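Okay, so here's the structure we're looking at.
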Number of protein chains: 2
Amino acid sequence: MISRVESAAATRRALLAAAADLLDSGGLDAVTLRAVGARAGVTRGAPYRHFPDKESLLIAVGTQAWEMLGQRMQALRADSGLSPAEKVRGGLSTLIDIGRRQPHLYKLMFSNPPGDPTALARAAQRSQTEFLAVVADLVGEQEARRYAALLISSANGIAGMEASGLLADPKWGGVTAADLTDTLVGMIRATFL
Amino acid sequence: MISRVESAAATRRALLAAAADLLDSGGLDAVTLRAVGARAGVTRGAPYRHFPDKESLLIAVGTQAWEMLGQRMQALRADSGLSPAEKVRGGLSTLIDIGRRQPHLYKLMFSNPPGDPTALARAAQRSQTEFLAVVADLVGEQEARRYAALLISSANGIAGMEASGLLADPKWGGVTAADLTDTLVGMIRATFL
DNA sequence: CTCGAGAGATGACAACGTCATCTGAAACTC
DNA sequence: GAGTTTCAGATGACGTTGTCATCTCTCGAG
């Protein structure tokens, strides 16, 4: 038997999953409270029992994504079979892969909401901390913060360029996101050798 | 006396200016066709005489911004008082400055519309070509395309991180967008010396 | 002078986010 | 176990939005 609080929690999860699905398949415009409710098996008003408004629901979806990324970053850092450079490259690739596979979710993760300007930074905490530690192994504690910020920013930009189709321009000679990541990590490594 | 076509063109310009103003001050949500019309001195239906739909209006605003950036890039390239490295740095700073001063416009410039996936790439053509030439002066024709793509992507990412407030996190030790740009250009220069 | 074209105004419609209110069942009190 | 509280969900309504069909009026060509 399912208790009332269990059922409520299940609905909340269903709403989050529905919103994430709709975001993936149809973009932000497809995420309407009515559609989310319908996909979760409830009506349009039900989400208001779990989230104060639509923006909060989207923040929750983005936070969920950041948390999963944080776990992957931690696993990457803990992987003893990889060199520091490989870990850095892996971290960047992980981020860029989200941008490629789930461009709308990715955009959500980096678009901070007007209502709560700190929501993103809070959600991104763990991912960034893990990545910072990985970078420190490569470039040392002294310069870690600057280079970690640069690397995350660059990876973010590469993913964004790819998502908006700007990288596909023949002007760039068919360069891929992976090429740019390699170039970047190569430059970092050359700088610290 | 103003002719009819002149007045129509003036309305079109007024609509574009109104949309850009509203975007700057209140973000994308503030750009409603009714508000744009009101600010341009017409009613809500008038924009449909100049743009097929709202998305087209926004594309036009973004295209305008890309064109102005293209002009600035050209002027930068033509400036004989700057070294190649300074030109590259200037180009990146110009882009990042737009991100800082007009974050909503900046986001629009890099957010590819569902209706016309090639609109952005077309609008960005000139800016990218100019920047490509500047980069070629620094790293040579051979590697110019890859590094230009990397630099634009990175600048884009830096601007995005700054705009979403993720750079302000104390974790990064108070690093600024300018710091990251300098670090990036410094690495490029070191690689090609 | 006539008339077609086109810019703008206006009314209407469906979809949206949101709120107030209602309903019913689970959970708690005695 | 009966009565009461609580809360997830359903429903109706409202204001706003993008968009379309239709109407008006004025400018410019013939």
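Sorted by average packing, counted as other Cβ atoms within 10 angstrom per residue and highest first, what order do A:115-122, A:62-69, B:15-22 take?
B:15-22, A:62-69, A:115-122
Take the alpha-carbon centre of the range B:16-34, take the same for the range A:164-178, and report the distance between them in whole Å.
Cα centres, the range B:16-34 to the range A:164-178: 31 Å.
Placing a label point 7 Å from Cα toward Cβ, how far apart in nm is A:ARG126 from its equivalents in the other copies, listed shortest first to one decimal?
4.8
Relative to the other copies, what are the label-point distances for A:ARG49, with labels 7 Å from Cα along the C-beta vector, expressed in nm at one decimal and sorted shortest first?
A:ARG49 label point versus its equivalents elsewhere: 5.1 nm.
Using Cα pairs under 8 angstrom and six or more residues apart, how large is the relative contact order of chain B, in percent?
Relative contact order, chain B: 20 percent.
Count, for each residue of A:160-171, the Cβ atoms from other chains sitting within 10 Å of its Cβ, then give me the mean as a whole number.
Mean shielding by partner chains, rounded to a whole number: 6.
Per-residue mean of other chain beta-carbon atoms within 10 angstrom of the beta-carbon, peptide B:174-180?
3
Using Cα-Cα distances under 8 Å and only pairs 6 or more residues apart, what relative contact order does the range B:1-68 have, in percent?
Taking the mean separation of contacting Cα pairs over the length of the range B:1-68, I get 27 percent.
Apply the Karplus parameterisation 6.51 cos²θ - 1.76 cosθ + 1.60, with θ equal to phi minus 60°, to every residue of the range B:19-26 and state each ³J(HN,Hα) to the nearest whole Hz, in sequence, with x for glycine and proline.
With coefficients 6.51, -1.76 and 1.60, one gets 4, 5, 4, 4, 4, 4, 7, x Hz.
Send over the semi-axes of the protein assembly as shown's equivalent ellipsoid, whole angstrom and largest first, taken as the square roots of 5 times the C-alpha gyration tensor eigenvalues.
34, 33, 16
With only Lys, Arg, Asp and Glu charged, each at its Cβ (+1 for the first two, -1 for the last two), find how big the charge dipole of the protein assembly as shown is about the Cα centre; round to the nearest 20 debye.
The dipole of the protein assembly as shown has a size of about 1040 debye.
What average count of beta carbons from other chains do you get within 10 Å of the Cβ of residues in B:125-136?
Mean inter-chain Cβ contacts per residue within 10 Å come to 1.
In nm to one decimal, list the spacings between the B:SER25 label point and its equivalents in the other copies, with label points set 7 Å along Cα to Cβ, shortest first.
Distances between equivalent label points, in nm: 4.1.
Find the accessible area per residue for the protein assembly as shown; the probe is 1.4 Å, ligands and nucleic acids are left out, and the unit is Å².
Heavy-atom accessible area per residue stands at 49 Å².
Return the lysines within reach of A:LYS54: Cα separation strictly under 19 angstrom, same-chain partners fewer than 8 residues apart disregarded; answer none if there are no such residues.
A:LYS107
Put +1 on the Cβ of every Lys and Arg and -1 on every Asp and Glu Cβ in the protein assembly as shown; which of B:GLY37, A:LEU92, B:ALA75 then has its Cα farthest towards the positive end of the dipole?
B:GLY37
List the residue from chain A whose beta-carbon is nearest to the axis that rotates chain A onto chain B, together with that distance in whole Å.
A:GLY157, 1
With all protein chains present and a 1.4 Å probe, how do B:ARG44, A:ARG126 order by accessible area, largest first?
Final ranking, largest accessible area leading: B:ARG44, A:ARG126.
On the protein heavy atoms, probe 1.4 angstrom, tell me the percent of accessible surface of the range B:54-191 carried by carbon and sulfur.
Exposed carbon and sulfur together represent 51 percent of the surface.
Using heavy-atom solvent-accessible surface (probe 1.4 Å) with all chains present, what is the largest-first order of B:ARG189, B:ARG34?
Heavy-atom accessible area, descending, gives B:ARG34, B:ARG189.
Give the B-A buried accessible area in Å², both sides summed, 1.4 Å probe, nearest 100.
It comes to approximately 3600 Å² buried between B and A.
The values are calculated or read from the model by the stated rules, or taken from the named source; none is laboratory data. Keep in mind that this is a model prediction, so the values were computed, not measured. So basically every Cβ, Gly included, is an ideal-geometry build from the backbone, and we count neighbours across all protein chains shown. Each accessible area value is taken on the protein alone, full model and side chains, heavy atoms only, with ligands, DNA and RNA left out. Shrake-Rupley method; radii C 1.70, N 1.55, O 1.52, S 1.80 Å.
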